[in-house]
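Student: Sharing a structure, written as structure tokens. Questions coming.
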Amino acid sequence: MALQKKDFIEIEFTGKLKEGGVFDSNIKEDLQKINPNIKETPEPFVLCLGEGMFLKGVEDFLIGKEIGKYEIELSPENAFGQRNTQLVQRIPIRVFREQRLNPIPGFSFNFDGRIGKVLASSGGRVIVDFNNPVAGKDVVYTVKVLRKVDDLKEKAHALIHFLFRGHFEFEVKDKKIILEADEQLRQFLSLFKDKFKDMLDLELDFKEPTKKAEDVHEHEHNHDEHEQGHEHEHNHEHHNHDEHEHSH
């Protein structure tokens, strides 16, 4: 059956420049072409078609297709846009020094949520490029649609992870999705109630977290390990999911 808008699907994908070179993937072997030090296996990626959870050009292509494997070639207009010269900016070098950073050309830094790449540094000024690294380039996505996701809880988990870049305990009951969240978080989370209604047909509600004591114990355990000198390895999403907003 053809895939439709608002279908949830699980995909494996790899994005490459048309001229060559992987820049994004959720396949371990392809990710290691970007960073050979990656050890963890990426989590399965589930998205809702046509809702901006992935690159629009890819989502639009998949609507109407069957489950299977596709190679999707996209122009800059349908991928990450053309380069914008106004996004190449001069920043005083003191901004870096105040943060004890060395603006080495080729290095990227996070400036209040914007990723910028240092192009040059001279005369007390640093030239930084805030364009998406893939802007202005033709790209090719290899996408394998593994399955259509029908389980409501799995859909909810995918949407929560996409919206909040994290994990919340929840239950689905009587046409409601009930998130476990502290009082101070609820006002922020409520901003997304229309998303849950539109994409899952569920009303958003809350209850007090039930694992507070366990979380405190786990934090203390991790703190003790860190104090004993064990190497602490941070789990993180692949940088392109944030930079390109997979919307990954």
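The values are calculated or read from the model by the stated rules, or taken from the named source; none is laboratory data. Predicted, not measured: the structure shown is a model, and the values here were computed from it. Please note: Cβ atoms are built from the backbone with ideal geometry, for glycine as well, and neighbour counts cover all protein chains shown. Heads up: the accessible areas ignore ligands, DNA and RNA and are worked out on the full protein's heavy atoms, side chains in. Shrake-Rupley method; radii C 1.70, N 1.55, O 1.52, S 1.80 Å.
Student: Every residue in segment 181-192 that is open to solvent by less than 40 Å² (accessible area, probe 1.4 Å) and either under 21 Å from the mean Cα position of the chain (by Cα) or among the β-branched types (Val, Ile, Thr) (or both), please.
Tutor: Leu189
Student: Looking for something under 30 Å from Lys5 (Cβ atoms), open to solvent by 30 Å² or more (accessible area, probe 1.4 Å) and among the hydrophobic types (A, V, I, L, M, F, W, C) - is there at least one such residue anywhere in segment 102-110?
Tutor: No: zero hits.
Student: When segment 146-180 is examined, which residues are found to be farther than 17 Å from Ile9 by Cα and open to solvent by 40 Å² or more (accessible area, probe 1.4 Å)?
Tutor: Matches in segment 146-180: Arg165, His167, Glu169, Phe170, Glu171, Val172, Lys173, Asp174, Lys175, Lys176.
Student: Now for a separate question. Hey, Phe130 hits all of (1) in contact with a helix residue (DSSP H, G or I) (Cβ under 6 Å, 6 or more places away or on another chain); (2) within 30 Å of Ile27 (Cα to Cα); (3) open to solvent by 30 Å² or more (accessible area, probe 1.4 Å) but one; which does it fall short on?
Tutor: (3)
Student: Same structure, new question: Taking the conditions exactly as written (assigned to a helix (DSSP H, G or I) and open to solvent by less than 80 Å² (accessible area, probe 1.4 Å)), does Gly64 satisfy them or not?
Tutor: no
Student: Okay, moving on. Considering every residue within segment 234-247, establish whether at least one is at pLDDT 50 or above, touching a strand residue (DSSP E or B) at 6+ places or on another chain (Cβ under 7 Å) and not charged (D, E, K, R).
Tutor: No, the conditions are met nowhere in segment 234-247.
Student: Return the only residue of Val118, Val143 being under 25 Å from the mean Cα position of the chain (by Cα), buried (at least 16 other Cβ atoms within 10 Å of the Cβ) and within 29 Å of Leu3 (Cβ to Cβ).
Tutor: Val143
Student: Out of the residues in segment 22-46 that are assigned to a loop (DSSP other than H, G, I, E, B) and modelled with pLDDT of 95 or more, which is surrounded by the fewest Cβ atoms within 10 Å (Cβ to Cβ)?
Tutor: Per the criteria, the residue is Ile27.
Student: Oh, and also: Answer with yes or no whether Glu59 is under 20 Å from Asn132 (Cβ atoms) and not in a helix (DSSP H, G or I).
Tutor: No, not satisfied.
Student: Within segment 152-180, take every residue that is part of a loop (DSSP other than H, G, I, E, B) and over 22 Å from the mean Cα position of the chain (by Cα) and give me the one that is modelled with the highest pLDDT.
Tutor: Lys175
Student: Looking only at segment 1-17, decide whether some residue is modelled with pLDDT under 95, open to solvent by 60 Å² or more (accessible area, probe 1.4 Å) and either of a type outside the set (Phe, Trp, Tyr) or farther than 26 Å from Gly136 by Cα (or both).
Tutor: yes
Student: Within segment 87-100, can one find any residue that is open to solvent by 60 Å² or more (accessible area, probe 1.4 Å), of a type in the set (A, V, I, L, M) and at pLDDT below 95?
Tutor: Looking through segment 87-100, none of the residues is open to solvent by 60 Å² or more (accessible area, probe 1.4 Å), of a type in the set (A, V, I, L, M) and at pLDDT below 95.
Student: Looking at Lys193, Lys148, can you tell me which residue is at pLDDT 95 or above, over 20 Å from Phe54 (Cβ atoms) and of a type in the set (Lys, Arg)?
Tutor: Lys193
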